[in-house]
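I have placed the structure first, in the form of structure tokens, so that the comments after it can refer back to it.
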């Protein structure tokens, strides 16, 4: 064995030891939380609430309606429909309801609107440290925590008020307490695991993918002793009660209200097999993970190094199960993942772990080379802290490479819709009601109706799906108060839009409407008709 190899192994073993004092661990973790908190507070208005994206708009209006209409938890309402009921089916609405409570005490502003997501990011950092520490030690825990704090900073959805950030944070918390309970069988861990695991699944049924790392935690402890799984199965069954009750109720809301989220009748799961035969799906998903999660080439290389090193040393089995579960989720919900970039945020905890391991490998290699060249031994208490600082420095490079994205406040998230909304405002007043054709996503399984155009123009109206694209329906709505008809094809002339659904052509209905109503504005397929 060469001297370099011996030095590498020795350095690895010493960094893996838990020789960092508890005080230093707490101090460094506090610094990590404060650094991330400072960056997030400094950029919390990017983008502004007025120019935000479709995903956050749903939650902003639901939270505002909770606040203004009496905090009825079981009646989540959106604002854009011109006629009631405006209730919508959705996942367990803890996130918008909590935001509404903050409005009640501190008023509606960007800080109260995005406080839940801010808190969730800090919670994920804290429990990434705790979960990684119990798997690989305090050194790895601190680096993974810092990585989990900075990787999401430049993702386009990282600050928004919506459920995913909270669900992802609670999934990490769930795994921690489930692992603690399986290993130590303490009653408090069982209770915490039950409550948080149940809430995690209720927040998003998609989070059922964490059953795979849960199963790995149990198998690591129990192996083939089948009888010992009984307590875990009991916990899981209890945890499914809340999600079952809520989604049964959400199905009722789906049938009486607005199809805003399309939980049951939205994304077409049958398109999965078609998409998995298209290389463009894989390129798009890989590109999003590489650019929006790992920070490009640099972060991807560190991720690969960490993945290979963890496999070689047979460490981090829980996170291998975690990232495999997320990969399975990407595949099973192929259409939903291609349609919604925010779904890829689910990979952040497991990706953070492997990026952190990659950082350590690079730093350990540097220390081993230094030892070999200098033929000296650096005392543990000195260089372990230096190694931590070196890892932190390597991590912070990832967001620094994208700093312009992190602080960019210039453009509305959906600039084409924003420009159209400004044109609509020229012809509208407080009594204006819209009919909109094209503000939806078509799926065989149903429709997800988008509120963007209504939110940007501060108006209400009716969104028509193709079955109602006819003059008779338009005339019926005109008698109900519709004054403007807006034709706005979802993807317009954007050649880069990833669209696996066949959107209906608006040409026929546009021709019919032009024969009856005057055009106020027309540009690149977007048209405003005057129904007055």
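The values are calculated or read from the model by the stated rules, or taken from the named source; none is laboratory data. This one's a predicted model, so the numbers in the text were calculated from it and none came from an experiment. Note that we place each Cβ from the backbone using ideal geometry, even for glycine, and neighbour counts take in every protein chain shown.
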State whether one or more residues within segment 29-41 are touching a residue at least 60 places away in the same chain (Cβ under 8 Å), under 21 Å from the mean Cα position of the chain (by Cα) and exposed (fewer than 15 other Cβ atoms within 10 Å of the Cβ).
-> yes
Which is under 21 Å from residue 177 (Cα atoms) and part of a helix (DSSP H, G or I), of 250, 193?
-> 193
Which residue out of 340, 356 is touching a helix residue (DSSP H, G or I) at 6+ places or on another chain (Cβ under 9 Å) and either under 21 Å from residue 399 (Cβ atoms) or buried (at least 20 other Cβ atoms within 10 Å of the Cβ) (or both)?
-> 356
Just give me the residues in segment 61-83 being without any contact (Cβ under 8 Å) to a residue 24 or more places away in the chain and out of contact with any strand residue (DSSP E or B) (no Cβ under 8 Å at 6 or more places or on another chain), in sequence order.
-> 68, 70, 72
Would you mind stating whether residue 263 is modelled with pLDDT of 90 or more and either under 27 Å from residue 356 (Cβ atoms) or touching a helix residue (DSSP H, G or I) at 6+ places or on another chain (Cβ under 7 Å) (or both)?
-> no
Entirely in segment 22-140, the helices (runs of 4 or more DSSP H) that have 2 or more residues that are over 30 Å from residue 244 (Cα atoms) and modelled with pLDDT under 95 = 22-42, 115-136
Residues in segment 286-306: is at least one without any contact (Cβ under 8 Å) to a residue 24 or more places away in the chain and over 30 Å from residue 149 (Cα atoms)?
-> no
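Please indicate, with yes or no, whether at least one residue in segment 133-141 is in contact with a strand residue (DSSP E or B) (Cβ under 6 Å, 6 or more places away or on another chain), surrounded by fewer than 24 Cβ atoms within 10 Å (Cβ to Cβ), in the same structural domain as residue 40 (by TED's automatic domain parsing) and touching a residue at least 24 places away in the same chain (Cβ under 8 Å).
no
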